Amino acid sequence: MSTAPVPSARLASIELTLLPKPARDDHSFWLARLEPLLAMKRGRKAELHRIATETQAGYGTVRRKFYALLQHGTLGLVDRRLAGPRWWRQAPETTALPAADQALVKLYCEKNDRSSRAGCKQLRADWRRGQVRTTQAKDPRTGYPRGWSIDNLLRYASDRFELTAARKGTAPAAAHRRLVYTTRADLYVGSHLQLDDMWHNVFVNSFAEKQAGRPLELFSHDLFSGRKVRFGVRVRTRKEDGTWHGLEERMTRYILAATLHLDGYSPRGTILVAEHGTAAIRDGIERALHEHSAGLITIERSGMQGAKAHAGQYHGVVRGNPRMKASLESSNNLTQNVFGHLPGQTGKDRQDRPEQLPALLADNERWLRLYDRLSPAHQALVQFPILEVNQFMAVAHELYGQIENDPDHDLEGWVQAGNVAQELLLGGQWIDQRVLMAGSADEQEMALALIGQGKLQTRPRRMTRREVWDRGAGELVKLTGAGVVAILGDDLARANPEIVRKGMIEFEDADIGPGVHRYEGVVFDPFGARRRLDEGEAYQVFANPFALDWLFVRDARGSYLGEAKRIVDPSRGNIEAVHRTMGATAGEQAERLAGVRERHAGEAETKRERTEINERLESGLPVTEAEHRTARREASAQRSAASFGTAQRGEESADPFPPSPKGAEPEVWTDEPASAVPDAPAPSTDTETW
């Protein structure tokens with residue numbers, strides 16, 4: 001920037017631009033009439049009288065304005081009444097403090113944690129005690145250095161940002177400085193996945209711990225669509241040692257692995273926005289994600305707050321910057337509003353807590369003790385004033401579905417990002433224009449013509465979060481099972497190897513989920529091929545409570561083998577599900593017997609032949625070669641007898657001894673093979689198939 005002195009004429013013009021409009025108009029009015037008199041040598045008095053008559057102002061007023069213009073320049077014509085106090089309340093030169101005194105004032109104001117006026121009084125008291133020096137001369141009227149009145153000192157006090165930074169720290173001071181605003185307009189589905197945790201403002205029951213507590217949720221959130229992708233809940237209950245059950249870092253790994261394996265990451269690149277607390281992503285996981293995604297998954301961590309404002313200050317609480325995930329905080333606020341009708345509300349803070357809550361929780365604790373004493377049949381009859389955690393999870397899924405399908409929202413950058421559907425009114429129903437344009441070329445041309453003629457009513461509609469997610473989720477790439485194992489880490493494997501028994505892996509783990517968990521003894525390797533696990537062998541397995549449909553399997557040496565599919569127990573009342581499970585079991589049996597059947601194919605042929613012989617014996621049919629010859633002779637004799645009877649009946653009406661045809665040979669009995677006897681019974685070919 002140039003440091004050359006500004007001409008006085010330009011300074012005057014700058015000062016005039018700072019005036020209110022009435023003052024500027026008045027200044028222009030008088031300047032236009034009085035400025036020409038500056039060039040006159042004679043006749044000024046007569047001209048001043050003329051101007052007074054013209055403006056209907058007194059001659060004295062006009063004369064005073066002219067001499068103000070003559071002595072002080074153009075600024076002399078400013079009407080101080082119209083200019084306001086900013087113009088005429090100028091501090092006298094004697095009240096201006098030197099730079100050293102100004103710094104002292106700021107220092108004392110910043111050192112006082114509550115009041116700048118009290119800080120200025122402390123400065124004057126320290127001057128009287130000789131602890132502070134100044135170059136200002138002493139004012140005999142006040143007994144303090146010139147310009148050291150309280151009101152004048154306050155003119156040099158620190159601004160709001162400086163005071164807050166020095167008194168409270170840099171994090172609170174951020175509210176008084178310029179913020180960085182971002183937009184989702186240029187993003188896409190999966191471009192930014194945010195991991196965070198939140199406390200629900202409601203109490204629920206945990207029958208496992210026989211306590212009530214607030215649900216602590218850990219979740220992944222897609223920035224572009226504003227949709228919550230995956231989430232899990234842990235109830236905050238007290239342990240026997242007095243500490244609290246809460247979210248742990250391993251739960252972040254579970255949520256992250258479930259999101260990337262079941263939903264995927266973008267082939268254009270995905271940034272995981274993580275924090276530094278519970279929802280943190282460690283360096284080892286970051287390297288594994290980079291490796292298994294070919295560099296498409298990267299990590300972005302929020303900046304840390306709590307830095308010192310100056311070297312003499314202690315640092316504040318080290319924590320992540322919540323403004324890094326401003327959209328996420330806004331989404332959490334929406335969640336609290338939507339969940340606000342559930343029983344057991346805590347309020348948004350202590351001041352907002354309902355008065356009835358302590359009594360409600362005491363009543364609930366009474367029924368929990370009763371529940372623990374009853375039989376299972378009677379436990380189902382107990383009525384609680386708040387939800388049980390499984391009931392809460394069912395309600396949460398429903399409410400999150402309502403949020404993501406609600407078109408009534410005002411998400412930042414939504415329209416700029418193109419998340420708007422154009423709809424047409426057809427037959428009293430609004431139809432998405434894309435559906436209409438997906439028809440034939442003739443239908444598209446007709447629709448465009450009707451729209452152009454204004455015969456079809458159209459409207460833009462904000463797409464829902466779910467619509468935007470579904471539109472872009474198709475291109476996401478799912479992380480392989482090997483990548484999931486890399487995220488979970490060796491410490492989250494099952495403590496003991498699992499043995500394949502009866503063609504499946506079976507175990508119980510309350511931390512993973514209630515009941516018995518069963519998985520097929522077949523895995524899909526990283527290339528998609530099926531591989532059957534060896535019966536009786538032990539394998540290292542990884543189960544994700546947020547993605548229980550698959551079990552991730554490694555061999556005893558730690559080599560990744562693949563994913564095993566979960567075996568879901570069908571409901572006894574769902575006949576179709578039972579039949580599907582039975583069919584799957586039959587298919588597995590056929591697959592496992594294929595090798596056995598191939599190896600024992602010779603035995604099957606032997607069995608077929610044995611069965612054939614035994615059945616012929618059972619039916620009295622010929623078996624040996626002699627029996628076959630006898631059967632053939634008997635059959636031939638029967639045919640000859642039949643032919644003789646026919647010929648004898650014909651002799652009654654014809655020559656009894658007709659001449660033999662020329663070249664005919666007399667019939668001779670022979671002992672020919674079975675193949676020469678045309679009407680011999682064929683051997684039985686009935687066989688039994690297993």
Give me the residue from region 270-287 that is of a type in the set (A, V, I, L, M) and crowded, with 20+ Cβ neighbours inside 10 Å and, out of that set, nearest to Leu492 (Cα to Cα).
Ile285
Within region 190-221, which residues are within 19 Å of Asp352 (Cβ to Cβ) and either assigned to a loop (DSSP other than H, G, I, E, B) or under 11 Å from the mean Cα position of the chain (by Cα) (or both)?
His200, Asn201, Phe203, Arg214
Within region 216-256, how many residues turn out to be under 22 Å from Val202 (Cα atoms) and polar (S, T, N, Q)?
3
Kindly indicate the residue of region 160-180 that is at pLDDT below 80 and of a type in the set (A, V, I, L, M, F, W, C) and also nearest to Asn112 (Cα to Cα) among those meeting that condition.
Ala173
Yes or no: region 442-455 includes at least one residue that is buried (at least 17 other Cβ atoms within 10 Å of the Cβ) and either at pLDDT below 90 or in contact with a helix residue (DSSP H, G or I) (Cβ under 7 Å, 6 or more places away or on another chain) (or both).
yes
State which residue is farthest from Asn405 (Cα to Cα) when the search covers only region 332-347 and only residues that are in contact (Cβ under 8 Å) with a residue 24 or more places away in the chain and polar (S, T, N, Q).
Thr346
Taking the options Ile403, Ile487, Ile499, Ile431, name whichever one is at pLDDT 75 or above, within 33 Å of the chain's Cα centre (by Cα) and within 30 Å of Gly558 (Cα to Cα).
Ile487
Within region 502-514, tally of residues that are surrounded by fewer than 11 Cβ atoms within 10 Å (Cβ to Cβ) and modelled with pLDDT under 85:
3
Return only the number of the condition from (1) in a loop (DSSP other than H, G, I, E, B); (2) out of contact with any Gly (no Cβ under 8 Å at 6 or more places or on another chain); (3) surrounded by fewer than 13 Cβ atoms within 10 Å (Cβ to Cβ) that Thr183 does not satisfy.
(2)
When you look at Leu260, is it crowded, with 18+ Cβ neighbours inside 10 Å, under 13 Å from Leu479 (Cα atoms) and assigned by TED's automatic domain parsing to the domain that holds Val395, yes or no?
yes
Identity of the residue in region 295-316, of a type in the set (A, V, I, L, M, F, W, C), at pLDDT 55 or above and part of a loop (DSSP other than H, G, I, E, B), that ends up surrounded by the fewest Cβ atoms within 10 Å (Cβ to Cβ)
Ala311
Exclusive hit being under 59 Å from the mean Cα position of the chain (by Cα), at pLDDT 90 or above and not hydroxyl-bearing (Ser, Thr, Tyr), set Ala83, Ala99
Ala99
If a residue must be loosely packed, with under 10 Cβ neighbours inside 10 Å and either of a type in the set (Asp, Glu) or at pLDDT below 95 (or both), how many such residues does region 348-368 contain?
4
Test: Asn152 is in contact (Cβ under 8 Å) with a residue 12 or more places away in the chain and part of a helix (DSSP H, G or I):
yes
For region 67-85, state whether one or more residues are under 30 Å from Pro140 (Cα atoms) and either of a type in the set (A, V, I, L, M, F, W, C) or surrounded by fewer than 18 Cβ atoms within 10 Å (Cβ to Cβ) (or both).
yes
For residues in region 109-126 being buried (at least 18 other Cβ atoms within 10 Å of the Cβ) and touching a Lys or Arg at 6+ places or on another chain (Cβ under 9 Å), which is farthest from Ala96 (Cα to Cα)?
Asn112
Number of the exception - His292 against (1) surrounded by 22 or more Cβ atoms within 10 Å (Cβ to Cβ); (2) of a type outside the set (Asp, Glu); (3) at pLDDT 90 or above
(1)
Among helices (runs of 4 or more DSSP H) lying entirely in region 320-430, which contain 1 or more residues that are among the β-branched types (Val, Ile, Thr)?
326-338, 389-404
Determine, yes or no, whether Tyr108 is under 60 Å from the mean Cα position of the chain (by Cα), among the hydroxyl-bearing types (Ser, Thr, Tyr) and either part of a helix (DSSP H, G or I) or on the phi > 0 side of the Ramachandran plot (or both).
yes
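The values are calculated or read from the model by the stated rules, or taken from the named source; none is laboratory data. Computed from a prediction, not measured in an experiment: that's the story for all the values here. Positions of Cβ are generated from backbone atoms using ideal geometry, with glycine treated the same way; all protein chains shown enter the neighbour counts.
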